[in-house]
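The values are calculated or read from the model by the stated rules, or taken from the named source; none is laboratory data. For clarity, every value in this text was computed on a predicted model and none was experimentally measured. Counting neighbours? That spans all protein chains shown, and the Cβs are built from the backbone with ideal geometry, glycine included. Keep in mind that these areas ignore ligands, DNA and RNA; they rest on the heavy atoms of the full protein, side chains included. Shrake-Rupley method; radii C 1.70, N 1.55, O 1.52, S 1.80 Å.
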Amino acid sequence: MDTPAAADWSELPADVLGLVLLNLEFPDLFRSAAVCKLWRATARDMRRLGLYSHAQTPCLLYTTAAAGPRAAVLYSLADKTTSYTVPLPDPPIAERHIVGSSHGWLVTADHRSELHLLNPATGEQLDLPPVATIEHVRPLYDDTGNLNNYKLVYYDGGGNSHRSNDDDMHTVTHPPETFREFLYLKAVISSDPSRGDDYTVMLIHHPYLQLSFARSGDKKWTWIKMGNNECEWFEDCIYHDGVFYAQTVHGAIHAIDVVSASSSFTHRLILKPTMGELGTLYIVRTTEGDILQVLRVTEEDEDSEHKEVRTTGIGVFKVDYKKQDLDEVDDIGNNALFIGTSYSICLPVKDYPHLMPNHVYFDDDYGYLVHRKHLRRDVGVYDYTNDTAIDVWNPQPWLNWPLAPVWITPSFTKTAKYS
């Protein structure tokens, strides 16, 4: 009996091949291009036409000296054997700061402290409103009309709400090149900008870690004035079903509804403060709809030469709105959490099999890097069962400053502008 001929996969019809490639994560899609000319052309066309939109396992994005100032490196948790260098548009990515990562897009601050949305998977870039339009920011010009400095005026919606004159307020002044280090804490995007022009960016910023937002197409930032008698000091924010949930350093949660097609908003306190300032606090929504508060404790490593900061403990608590209290969570089950500068998120391992269950993946918080710019980055994975943390990569291959490593879930969907 004759042995059946081996299947020639290079002869697959283009439409069938496309269906196969659509179900691959990007490391496998990239490798498929090496099979033959047909596979390479199909994979290229899928990306060029914006047809490739498979859900991706999170990656760590960082810069290296070898990649140069205009490229970033992606290390995929779906393929821990290879990293991928991605060329990116100006301004050079190595000169930017990352203040947020949501839905496959980075929120970056350039060397003039202006904010941009950047999708590293597609190279698309969108500008956000000028920094000078933030409520508390004043641009200062020299005698020739050139921007010289920015002044940050310290007031909030509570006890310092009345300001007849900026001179009556505490102010700090910084040149545009360093202003970003003292202004921004974190930015969150409501939805993938590639999928429509109805996204909103929520920004946590100084003074006093307040909130401002900008909807797609806005020319300026809108300040969320709380109007109470004390400063809230926000630390993290998530978005779900039309509402932002912003959490303070003491665990209070505000629900903020940004009204579409206007600069108005509504907000209400839905959880009173739950804890003291024991560490950095994040807010996460599970796939079951529960809200978690995740406490991250860091300590200086006394054994390191420069007293580097390391994550030494993570606690997870479930919010009970009815009791206005927290219940400690002993096990996060078959889920993985991501916290840090990146969007705080819970991912089920059944849908992301390359992630480890009951683990917390973390990167550094941008707002706390200013005083340790060139030290080791606190990027790793925390085993919630054994209360131990390990490095993602040792020795760390990335540059520590000005762009610190950040978790991102790549999105290959293109906006209508680029399709």
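Whether any residue in the stretch 217-230 is closer than 13 Å to G100 by Cβ, among the polar types (S, T, N, Q) and assigned by the TED database to the domain that holds D364 is what I want to check. Within the stretch 217-230, none of the residues are closer than 13 Å to G100 by Cβ, among the polar types (S, T, N, Q) and assigned by the TED database to the domain that holds D364.
Residues satisfying the criterion are absent from the stretch 342-354 (criterion: open to solvent by 10 Å² or more (accessible area, probe 1.4 Å) and of a type in the set (G, A, S)). Does V319 qualify as being β-branched (V, I, T), closer than 30 Å to R44 by Cβ, modelled with pLDDT of 95 or more and open to solvent by less than 50 Å² (accessible area, probe 1.4 Å)? So V319 does not fit the description; no.
Filtering the stretch 259-283 to residues that are modelled with pLDDT of 90 or more and either touching a Lys or Arg at 6+ places or on another chain (Cβ under 9 Å) or not assigned by the TED database to the domain that holds R215 (or both) leaves G279, T280, L281, Y282. Is it true that some residue in the stretch 409-417 is over 20 Å from the mean Cα position of the chain (by Cα) and surrounded by fewer than 18 Cβ atoms within 10 Å (Cβ to Cβ)? Yes, because at least one residue in the stretch 409-417 is over 20 Å from the mean Cα position of the chain (by Cα) and surrounded by fewer than 18 Cβ atoms within 10 Å (Cβ to Cβ). For the stretch 194-240, a tally of residues being out of contact with any Ser or Thr (no Cβ under 9 Å at 6 or more places or on another chain) and of a type in the set (G, A, S) returns 1.
List the number of the failed condition for Y384; all other conditions in (1) open to solvent by 50 Å² or more (accessible area, probe 1.4 Å); (2) more than 21 Å from the chain's Cα centre (by Cα); (3) of a type in the set (F, W, Y) hold. Tallying (1) open to solvent by 50 Å² or more (accessible area, probe 1.4 Å); (2) more than 21 Å from the chain's Cα centre (by Cα); (3) of a type in the set (F, W, Y), Y384 fails exactly one: (1). Of the strands (runs of 3 or more DSSP E) lying entirely inside the stretch 166-211, those carrying at least 2 residues that are of a type outside the set (D, E) and either loosely packed, with under 15 Cβ neighbours inside 10 Å or outside the structural domain of G242 (by the TED database) (or both) are 170-174.
When D364, D378 are screened for being closer than 16 Å to D236 by Cα, within 20 Å of the chain's Cα centre (by Cα) and surrounded by 18 or more Cβ atoms within 10 Å (Cβ to Cβ), only D364 passes.
When restricted to residues that are open to solvent by 20 Å² or more (accessible area, probe 1.4 Å) and within 26 Å of P357 (Cα to Cα), the stretch 23-57 contains 7.
Restricting the stretch 58-105 to residues that are among the acidic types (D, E) and farther than 17 Å from A404 by Cβ, the residue that is most open to solvent (accessible area, probe 1.4 Å) is D90.
Please work out which one of (1) without any contact (Cβ under 8 Å) to a residue 60 or more places away in the chain; (2) open to solvent by 40 Å² or more (accessible area, probe 1.4 Å) is the condition V137 fails and give its number. It is condition (2) that V137 fails.
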